[in-house]
Amino acid sequence: MTDVALKTEGLTKKFGTLTAVDGVSLEIPAGGITSIIGPNGAGKTTFFNMVTGKHTPTSGTIEFFGESIVGESPHRIVNRGIVRSFQINNFFQDLTVLENVRLATQAHYSGFAPSDFTRHHAALEEPIADARDILERIQLAEESATPAANLAYGQRRHLELGIALAADPDLLLMDEPTAGMSPDETGEMVELIEAISEEATVVLIEHDVDIVMDISDQIGVLNEGQLLAWGPPETISSDDRVQEAYLGGGGSV
Ligand SMILES: Nc1ncnc2c1ncn2[C@@H]1O[C@H](COP(=O)(O)OP(=O)(O)OP(=O)(O)O)[C@@H](O)[C@H]1O
């Protein structure tokens, strides 16, 4: 067993002549919050896409708790415990909050045919209990009977997170989790991310530098596909190269 959740060495992705991710080597420790930041087009999403198996690296390695995952299908990678929370409304609008999360938890009970879930109520008990636990964690217990379509924006983002949690992630990848949120919604989401990070390793792509500095245990800065800097927030905020590349040399991180 290793205390490194995710390790990449020389990770590279080329699209034709463009090198989107260029020789990135890093080690993300298990637990806590790691943020990946960088200007638009720096390669952050492409990095995530390689970790989730959506894209195959052009070269380099990716290990999850010491085992190579390169070349594995996205489905296999989810089964290993690497789950991504999407910022699209990736749920059934007409179903209730509980039903949406329950459908996601059902996927994790093997040995049942889909028809079992509809014919035998007993088969639903565990997924429902799990879904109710998740609703508590994502602060939507009171909305369990609300159709997903009726949720406020911030609540929809919580539901997306709940669907990701239903897959019982060891590594949760989150793409701009606070984008478009009000200050209150942002505060709630930050609290939620911090709570999740006590049970799983969380890796964020996040543009809000204040949030990143506040909640990250370590930060990786990508620039033109390369890892420009890596370390705790205080190291990153005092790094001249980060100031130059990420903020045009103008402000302070
Ligand atoms: N499927 C693809 N085919 C061709 N080029 C791609 C593809 N995906 C990404 N790119 C290019 O790779 C580079 C890195 O893109 P990527 O989306 O990873 O950056 P990013 O840091 O996530 O940017 P943003 O913050 O704007 O989302 C960009 O130049 C982008 O146009």
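Observations
- When residues of segment 1-42 are limited to those that are part of a loop (DSSP other than H, G, I, E, B), hydrophobic (A, V, I, L, M, F, W, C) and more than 16 Å from the ligand (Cβ to nearest atom), the one nearest to L171 (Cα to Cα): A30
- Only a single item in (1) free of Cβ contacts under 8 Å to residues at least 40 places away in the same chain; (2) more than 16 Å from the ligand (Cβ to nearest atom); (3) open to solvent by 60 Å² or more (accessible area, probe 1.4 Å) is not met by S73, and it is number (3).
- Any chance E224 is within 12 Å of the chain's Cα centre (by Cα) and open to solvent by 40 Å² or more (accessible area, probe 1.4 Å): no
- Evaluation of E99 against the conditions (1) touching a helix residue (DSSP H, G or I) at 6+ places or on another chain (Cβ under 7 Å); (2) crowded, with 17+ Cβ neighbours inside 10 Å; (3) among the acidic types (D, E) shows that the sole unmet condition is (1).
- Matching residues, segment 43-69, being in a loop (DSSP other than H, G, I, E, B), in contact (Cβ under 8 Å) with a residue 24 or more places away in the chain, open to solvent by 20 Å² or more (accessible area, probe 1.4 Å) and near the ligand (Cβ under 10 Å from one of its atoms): H55
Every residue, every condition in (1) under 30 Å from A104 (Cα atoms); (2) at pLDDT 95 or above, yes or no:
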| site | (1), (2) |
| --- | --- |
| V21 | no, yes |
| P29 | yes, yes |
| G32 | yes, yes |
| P39 | no, no |
| G43 | yes, yes |
| V51 | yes, yes |
| V70 | yes, yes |
| S73 | yes, yes |
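- Subset of segment 172-195 (residues that are surrounded by 22 or more Cβ atoms within 10 Å (Cβ to Cβ) and in contact with a strand residue (DSSP E or B) (Cβ under 6 Å, 6 or more places away or on another chain)): L172, L173, M174
The values are calculated or read from the model by the stated rules, or taken from the named source; none is laboratory data. Since this is a predicted model, take the numbers as computed values, not measurements. Because the Cβ atoms are built from the backbone with ideal geometry, glycine has one as well, and the counts that use them run over all protein chains shown. When the accessible area is computed, the model is the full protein with side chains, heavy atoms only, and any ligands, DNA or RNA have been set aside. Shrake-Rupley method; radii C 1.70, N 1.55, O 1.52, S 1.80 Å.
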